[in-house]
Structures are given as C-alpha cells and as structure tokens.
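Comments concern the structure below.
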Amino acid sequence: MSTLRFLRTFLAVAQHGSFSEAAEQVALTQAAVSFQMRSLETDMGRDLFDRSGRLAILNAAGRELIPEARQLLALYDRMRQPPGAPDTLAGSVSVGAIVSCMGTLAKVVSTMKREHPALEIRIFSGKSGELAGKVEAGELDAALVVEAGRPAASTRWTALYEEPLVVLAPACAPGRTVREVLTQSPFLRFDRTQRTGRQIQRTLRRLGVSIDEFLELNAIEQLVALVRQEVGVTLLPLLNGAHWRRAPDLRVLGLPADLGTIARPIGMLERRDPMRQAITGAIRARCAGAFLKQADDTTPLFASAVPAREIAAKR
C-alpha cells in the first residue's frame with residue numbers, strides 16, 4: 001500500500017513541478033516527499049528525476065511512468081468501491097475553471113465530495129487558453145473554459161451555456177444607444193491576448209465605433225468595479241449568475257440587432273480517458289444544472305432570450 005501512496009505523491013510532483021508544491025498538495029513535509037520519491041525509485045529500480053542542487057526534474061523514465069501510475073491508481077480506486085454501489089464515485093481527478101466559473105465548480109465539488117468520500121477532486125483556476133492547454137497535455141482531466149474551435153483528438157468539448165456580450169456603463173453615463181455610450185466615455189478594455197478579449201475587439205470593429213481607450217485589464221470583476229466607480233464603460237460577456245441588470249448603479253445595454261447574437265460559449269473540455277470520464281462527466285452534469293439554475297434565478301443567458309434594452313441616461 002505504501003507504493004500506492006508514493007505514486008499519488010509522484011503524480012502531485014509531476015503536476016506541480018516541485019517537491020515543495022507537491023508537499024502542500026498531499027499534506028506532507030518536503031522531506032517526506034523527497035523520502036517517498038527516493039523509495040519509489042528504489043522500488044521501480046530506476047531513477048525518475050534528474051536532480052540538480054535543490055531541483056528535481058522528471059526525466060524520461062519519470063514521464064513514461066505518469067500514465068501508468070494514473071491507470072493503476074484509478075483501477076485501485078474502483079476496486080475500493082463498495083459492492084452493489086454502482087452510483088458511488090471514487091478516484092482522483094484534477095479540474096480547472098476560468099474565474100467566472102470557479103464559484104460554481106467549487107460548490108459542485110464540495111457537494112460531490114460529501115456524497116462520495118472516496119472521491120478526490122483538485123480544482124485549479126486560470127486563463128481559458130492555459131487551462132485548455134493543460135487538459136490537452138494531460139496535466140488536467142477537465143476544465144471549464146471558453147470554446148476555442150476544434151478540440152484536439154485527445155479531448156472532448158461539451159457546450160454548457162453562452163454569455164452574450166453587453167455594454168456595461170455607469171447609470172449616469174451619457175448616450176442612449178450602444179454606439180453613443182461607447183464613444184462618449186473612456187473605454188475599459190478586457191485583455192486582447194485572451195479569447196474573450198479578441199472576440200470583444202472583433203465586435204468593436206463590427207460596431208464601427210471610435211473609442212477613447214483608457215486602460216486594459218485581464219479581470220472582468222475589476223473592470224465591472226471600475227464601471228461602478230464611473231471610471232468609464234466597457235464591453236463584456238454577461239456573466240452567468242451576475243446581477244448587473246438589477247444593479248441601480250449600472251446600465252446594461254444589449255448589442256444592436258443588426259449584429260445578430262454575439263456570445264462567448266462556455267463549456268467543459270475533458271480528456272478522453274475512460275478511467276476518469278465517469279467522474280468528469282458527473283462534474284459536468286452537476287455544473288450544467290447549477291449554471292441553469294443560476295440563469296433562472298438571475299438573468300437569461302442568451303441574447304436572443306431578451307430584447308436589447310436601451311436605458312435612458314440619468315442626468
């Protein structure tokens with residue numbers, strides 16, 4: 001059984017890239033992690049790391065061991081399931097989420113871990129492109145991300161909902177139409193290096209507006225906070241579960257009908273790994289239900305579900 005524990009620690013080292021970060025993940029000291037890895041190498045009969053000073057980097061043998069260790073641990077976790085309990089989930093997965101989905105994912109994971117004590121789920125936050133890359137590389141088993149075209153053959157994409165792009169402005173912002181609001185106040189831009197930022201840039205081009213660009217940030221929540229402080233206006237996806245339409249200090253304007261529906265698709269990207277798809281599929285289904293409930297409780301997700309609403313400026 002000690003070898004199985006060592007393999008779990010080994011996968012934590014492989015994922016985090018260092019003994020110190022892996023130690024925090026598996027609740028051990030760095031010295032204990034180092035001891036386990038030495039013992040595992042002895043048991044395997046080969047070195048798994050290239051050690052240089054205080055660094056320990058996976059060598060070719062170590063990298064080759066990763067998929068085998070995952071399969072062995074997944075098989076062991078399945079064997080631990082009580083007989084006659086087909087609905088019991090057990091095993092270890094790593095799931096990522098963009099910031100706007102993290103709260104929902106955390107609640108879902110918390111509930112699932114209470115219901116399935118043998119289930120181990122680690123969650124990580126990051127940018128959409130980075131998370132997708134980690135899923136494709138096998139560093140994550142799944143991630144809630146923005147759709148980015150055709151997925152890799154090793155992964156599967158499932159759309160969960162869409163967030164329509166809207167113009168967000170302070171209640172006192174001048175202008176009645178979308179184009180007037182965007183051109184009569186400083187513009188607060190979302191990071192153009194990100195998928196959402198590039199979609200926003202394409203939408204601005206289609207609107208044909210000349211904006212007074214004030215700043216660029218990689219944080220939707222911070223942009224919304226600046227709009228509330230009357231620093232400027234912005235163009236953002238209407239986040240699932242956001243209460244922007246109800247806020248008295250904000251104006252939310254749908255895009256002109258002539259542009260059609262412009263929205264960013266959010267979904268789950270999963271590795272096609274039979275050993276883990278039962279767990280990631282269950283997480284996906286729970287998240288889909290939670291997102292739908294949030295939509296029912298707050299504001300419709302699709303631009304087509306609500307007529308574009310122009311709110312007269314308060315003077």
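General remarks:
- Condition met for R192 (within 30 Å of L119 (Cβ to Cβ) and open to solvent by 40 Å² or more (accessible area, probe 1.4 Å)): no
- All of R114, R150 fail the test of being in a loop (DSSP other than H, G, I, E, B), surrounded by fewer than 15 Cβ atoms within 10 Å (Cβ to Cβ) and of a type outside the set (G, A, S), apart from R150.
- Checking V13 against (1) β-branched (V, I, T); (2) at pLDDT below 90; (3) exposed (fewer than 15 other Cβ atoms within 10 Å of the Cβ), the condition it does not meet: (3)
- When the range 257-289 is filtered for residues that are of a type in the set (D, E) and closer than 21 Å to E162 by Cβ, the ones remaining, listed by number, are D258, E270.
- Of the strands (runs of 3 or more DSSP E) contained entirely in the range 162-247, those carrying at least 2 residues that are in contact (Cβ under 8 Å) with a residue 60 or more places away in the chain and within 24 Å of L144 (Cβ to Cβ) fall at 233-237.
- Screening A247, A295, A290, A312 for residues that are of a type outside the set (K, R), surrounded by fewer than 18 Cβ atoms within 10 Å (Cβ to Cβ), within 30 Å of I123 (Cα to Cα) and modelled with pLDDT under 95 leaves exactly one candidate, A295.
- Note on the range 137-147: among residues that are open to solvent by 60 Å² or more (accessible area, probe 1.4 Å) and touching a residue at least 60 places away in the same chain (Cβ under 8 Å), the one that is nearest to the chain's Cα centre (by Cα) is E147.
- Yes/no for V224 being in contact with a Pro (Cβ under 7 Å, 6 or more places away or on another chain), at pLDDT 90 or above and hydrophobic (A, V, I, L, M, F, W, C): no
- Applying the criterion of being free of Cβ contacts under 8 Å to residues at least 40 places away in the same chain and part of a loop (DSSP other than H, G, I, E, B) to the residues of the range 117-136, the residue that is farthest from A12 (Cα to Cα) is P117.
- Looking across the range 49-76 at every residue that is of a type in the set (D, E, K, R) and modelled with pLDDT of 70 or more, the one that is nearest to E120 (Cα to Cα) is identified as R70.
- Qualifying residue in the range 97-108 (condition: touching a residue at least 24 places away in the same chain (Cβ under 8 Å), assigned to a strand (DSSP E or B) and either of a type in the set (D, E, K, R) or buried (at least 17 other Cβ atoms within 10 Å of the Cβ) (or both)): yes
The values are calculated or read from the model by the stated rules, or taken from the named source; none is laboratory data. Predicted model, so just to flag it, every value in this text is computed and none were measured. Note: ideal-geometry Cβ built from the backbone for every residue, glycine included; neighbour counts use all protein chains shown. Calculation scope for accessible area: heavy atoms of the full protein, side chains included, ligands and nucleic acids excluded. Shrake-Rupley method; radii C 1.70, N 1.55, O 1.52, S 1.80 Å.
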